[in-house]
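One structure below.
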Amino acid sequence: MNQDRRRQAEDFLQPDEQLIAVCACEPGPGVPNPPEELLAPPEPAALGRRIEEKLPRPLQQFFKARGHDPRRDAAERTPDPADGKGMEGGWQSAAGRFLIGRAGARGSATDVLVVTDRRWFALTDVSPLWQSTPVMQQYWEVPRSEITVVRANGTGLLQKGRMQIEFADLSWVAVSALTPAEAPGFAAAAARYRLGW
C-alpha cells in the first residue's frame, strides 16, 4: 500500500475505524461519463470568481455553462466499444451514484479508493492545478455491505490493473489501478476482511 495514499486515507477515518486497503485508481476503460444534467454546477474558486466578475456578461454566462475543469479532460471521453463494458446498471444504481459522485467532485483524474472495517469511500485531489500539496476531498461512501465483491481481472495490455466493483443491487463499475500490480492485493485484502480470514 503506497504510504502517501495511506496517509491521505487516514485523515478521513472515523474514531476507532480500521484501514484495510487503499488503491490509487481511475475509471476503467469503457466507463461512461454521467450526463451533465445529473451533476451539480461546479463551485468556482475564489480567484476564478474574481476573474469572472471582471468579464463582460456574455463571457460570464459562457464560462458558467461550460463548467470546464482541465484536470478531468483526460478522463472524460466516450467509451470505445473495443474497451468492452465498464459499467452495469443505470444512473440510479449504486454504480451510477459512484460515477456521479466522482464526476461531481471535479477533482484530479486519479482517485484513492479506500476499504475500512466499516465502509468503502473514495477521495480525489481538489487542489488548484498550481498547488503542489494535494487537498483531498471525499466524494463517495457506502457501508461495507453495499459491496458484494471486488474482482481483479486485468486482461490484455491495456487493462492489467482492471478491477470490477460489484454492488449489492447487482450493478458494477470497472476501475483501473494506477499501479496494476496493486489490483490483486487490494481485491484480496477487501475479500479477506469480508470473509473474516
For this session: Quick one: which residues, 5+ away or cross-chain, put their amide H under 5 Å from the amide H of Thr148? H built at 1.01 Å from N.
Result: Glu166, Phe167, Ala168
Exercise. Which net charge results for the neighbourhood of Val135, defined as the other residues with beta-carbon distances under 11 angstrom from its beta-carbon, given Lys and Arg at +1 and Asp and Glu at -1?
Worked result: -2
Exercise. So between Arg144 and Glu10, what do we pick up on full extension, going 0.36 nm a residue minus the alpha carbon distance?
Worked result: 46.5 nm
For this session: Rounded to whole Hz and in sequence order, give me ³J(HN,Hα) for the stretch 176-190 from the Karplus expression 6.51 cos²θ - 1.76 cosθ + 1.60, θ = phi - 60°, writing x for Gly and Pro.
Result: 10, 5, 4, 10, x, 5, 7, 4, x, x, 5, 4, 5, 5, 5
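Just so you know, all these numbers are worked out from the coordinates, no wet-lab data involved. Everything numeric in this text was worked out from a predicted model, so none of it was measured. Cβ atoms come from the backbone with ideal geometry, glycine included; neighbour counts cover every protein chain shown.
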